[in-house]
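Okay, structure first, notes after.
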Amino acid sequence: MLGITGNIASGKSRVAARFGELGAAVVSADQLAREAVAPGTAALAAIVRRFGQAILRDDGSLDRQKLGGLVFADSEARRQLESITHPAIARLAEERLMRLRGTRKLIVYEAPLLFEAGAEGRVDRVLVVTAEEEVRLARLMDRDGLDRRAALQRIRAQLPQEQKAVRADYVIDNSGDWQECCRQVDALWRELTASE
């Protein structure tokens, strides 16, 4: 089982999707996070108690952008949010990953906060996807419509990618074009599935 992590806008989701195209089963912690805070869940109720009704949309779902604006500006608020969401995501991840064991040549668990959540024990090996800060900044501003200050705030709120890379079994640099990144992913796929 391969854990994929990396900092915001590094391209880790795209790398995970490429592994999926090659035949891996992919579990996304971001998708699990959405499920964990769906309307009616205990986690969403706890988030509302902590941050107030203003972080809800009219339909009762979580306004992730509004909540992100609060927690990326306040490290204590972010820590409190993570103390609510990480256990809920962990339960879903363990259930999903256990169900998939033995079903594919490779199972990929994509988790942006793999190290921060102490979840690297759920996987056998870790891949960190990196990209130069200016590349990540441009991607983030374009993707989320953020100004430079807000984008930098999100980038700087995370554990530096260099610290993640030294803890990884594999590192893929996604600073360049997508074809080059695919070549790296495809080579790693061959390496990881060669003994299967």
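Every number in this text was worked out from the coordinates using simple rules, so none of it is lab data. Everything numeric in this text was worked out from a predicted model, so none of it was measured. No Cβ is skipped: glycine too gets one built from the backbone with ideal geometry, and neighbour counts run over all protein chains shown.
For the pair Ser83 and Arg125 in one chain, pulling the backbone fully straight at 0.36 nm per residue adds 12.6 nm over the alpha carbon distance. So, counting K/R as plus one and D/E as minus one, what does the shell of residues with Cβ under 15 Å around Asp58 add up to? Net charge in that neighbourhood comes out at +1.
Each residue, Glu134 and Arg190, gets one label point 7 Å from its Cα in the Cβ direction; the gap between the two is 3.3 nm. Taking a ≥ b ≥ c as the square roots of the eigenvalues of the alpha carbon gyration tensor, the stretch 13-117 is prolate, as a/c is not under 1.5 and a/b beats b/c. DSSP finds beta bridges in the chain, and of those with both partners inside it, around 5 percent are antiparallel. Inverting the pair-averaged 1/r between distinct Cα atoms of the chain gives 17.6 Å as its Kirkwood hydrodynamic radius. Restricting to DSSP loop positions (anything but H, G, I, E, B) with no more than 14 other Cβ atoms inside 10 Å of their own Cβ, which GluC sites (Glu not before Pro) remain in the stretch 132-189? For GluC sites (Glu not before Pro) across the stretch 132-189 that sit outside H, G, I, E and B with at most 14 neighbouring Cβ atoms in 10 Å, the list reads Glu132. Here the extension length gained between Arg64 and Arg91 equals 7.6 nm, from 0.36 nm per residue of separation less the Cα-Cα distance. Packing around the peptides 135-147, 50-62, 81-93, taken as the average count of other Cβ atoms within 10 Å per residue, puts them in this order, highest first: 81-93, 135-147, 50-62. Pairs of Cα atoms in the stretch 122-172 fall into 10 Å distance bins, from 0 up to the last occupied one, in shares of 24, 44, 26, 5 percent. Segment Arg57..Arg183, full-extension length gain: 41.3 nm, with 0.36 nm per residue of separation and the alpha-carbon distance subtracted.
In a reduced charge model with +1 at each Lys and Arg Cβ and -1 at each Asp and Glu Cβ, the chain shows a dipole moment near 420 debye about its Cα centre. Ignoring lysines fewer than eight residues from Lys105 along the same chain, the ones with Cα atoms less than 30 angstrom from its Cα are Lys12, Lys164. Projecting label points 7 angstrom from Cα along Cα→Cβ for Asp169 and Arg101 puts them 1.5 nm apart.
Projected over all directions and averaged, the alpha-carbon convex hull of the stretch 40-79 occupies 2.7 nm². Any idea which of Ala93, Ala46, Phe19 is furthest toward the positive side of the dipole for the chain, if Lys and Arg beta-carbons carry +1 and Asp and Glu beta-carbons -1? The listed residue farthest towards the positive side: Ala46.
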